[in-house]
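What follows is a short report on a single structure.
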Amino acid sequence: MASDFWLFHKANSGSPIFRHYGWIKPEITFGYGQDWNWIKNQEIGKSKKITRRPTGGGIVKHGADWTYTLILPSEHPSFFIPALDLYEKMHGAIGLVLAKQGYETKLMPCPLTGEKKKGIPGDCFLEPVGRDLMTATGLNKLAGAAMKRTKIGILIQGTIDLTSIENLDLVEFQCSFISELSKLVCEETKVIEWPERFLKERSLYVNQFASVSWRENRKLS
């Protein structure tokens, strides 16, 4: 969370930024808008490895997933892609890349008029929403994402459940997905090293995201 937020506020490249990462041990994140009083009364809320994301959505269990971040600066044309269209295009890209390795998927249909659920999903992977990426049967959720839009830009944090995809060539998947994202934002890809100031500046965000005030009340000092 700290690295993603540092990139969102400090990178200032003017171009979209993408990073992906795994997890050393199981951890849990929950959405910016979720009520801590509800979270702490869930069994999952008792975990010592739990933090609030700066983006929306519900509870996500990490450890057996592939997680990514995409940042679209407000001065970049991709910032103006409508949110639902962007969500659909990103999951469509994941589905296309998985199809190349023989995995069939489908997008979760959007609710019909009058059937739209209100509120925030409790558990992201148990309560899929429209345009989430599902298995071919439509019974299990494979990928979801949450967004935060400000005057700075759009921060997207997404995850793919690898437990439902056997024998995936992850390196091939990563390369193909990045290629599809580059087409989406109309930019060439290039690798950028973390700047020297990164670790020092990120430490502030690490402390903030680890704080009780952020976890319980969404307050960053």
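The values are calculated or read from the model by the stated rules, or taken from the named source; none is laboratory data. Treat the numbers as computed from the prediction; the structure is a model and nothing was measured. All Cβ positions, glycine included, derive from the backbone under ideal geometry; neighbour counts span all protein chains shown.
Things to note:
- Annotation note: Cβ proximity below 7 Å between a residue of region 8-31 that is free of Cβ contacts under 8 Å to residues at least 60 places away in the same chain and at positive phi and a residue that is exposed (fewer than 14 other Cβ atoms within 10 Å of the Cβ) and among the charged types (D, E, K, R) (sequence gap 6+ or interchain) occurs for no pair.
- All positions within region 162-204 that are of a type in the set (Lys, Arg) and in a helix (DSSP H, G or I): Lys183, Lys200, Arg202
- Residue-level analysis places Asp132 among those that are among the charged types (D, E, K, R), at pLDDT 95 or above, within 17 Å of Lys61 (Cα to Cα) and under 18 Å from the mean Cα position of the chain (by Cα).
- Single residue of Ile59, Ile94, Ile44 found to be in contact with a Gly (Cβ under 7 Å, 6 or more places away or on another chain), within 16 Å of Phe125 (Cβ to Cβ) and among the β-branched types (Val, Ile, Thr): Ile59
- Per the listing Ile81, Ile71, Ile24, the residue uniquely touching a strand residue (DSSP E or B) at 6+ places or on another chain (Cβ under 7 Å) and among the β-branched types (Val, Ile, Thr) is Ile71.
- Flag if Tyr103 is surrounded by 14 or more Cβ atoms within 10 Å (Cβ to Cβ), at pLDDT 95 or above, assigned to a loop (DSSP other than H, G, I, E, B) and among the aromatic types (Phe, Trp, Tyr): yes
- Region 8-55, residues that are part of a helix (DSSP H, G or I) and either under 19 Å from Ser213 (Cβ atoms) or over 14 Å from the mean Cα position of the chain (by Cα) (or both): His9, Lys10, Trp36, Asn37, Trp38, Ile39, Lys40, Glu43, Ile44, Gly45, Lys46
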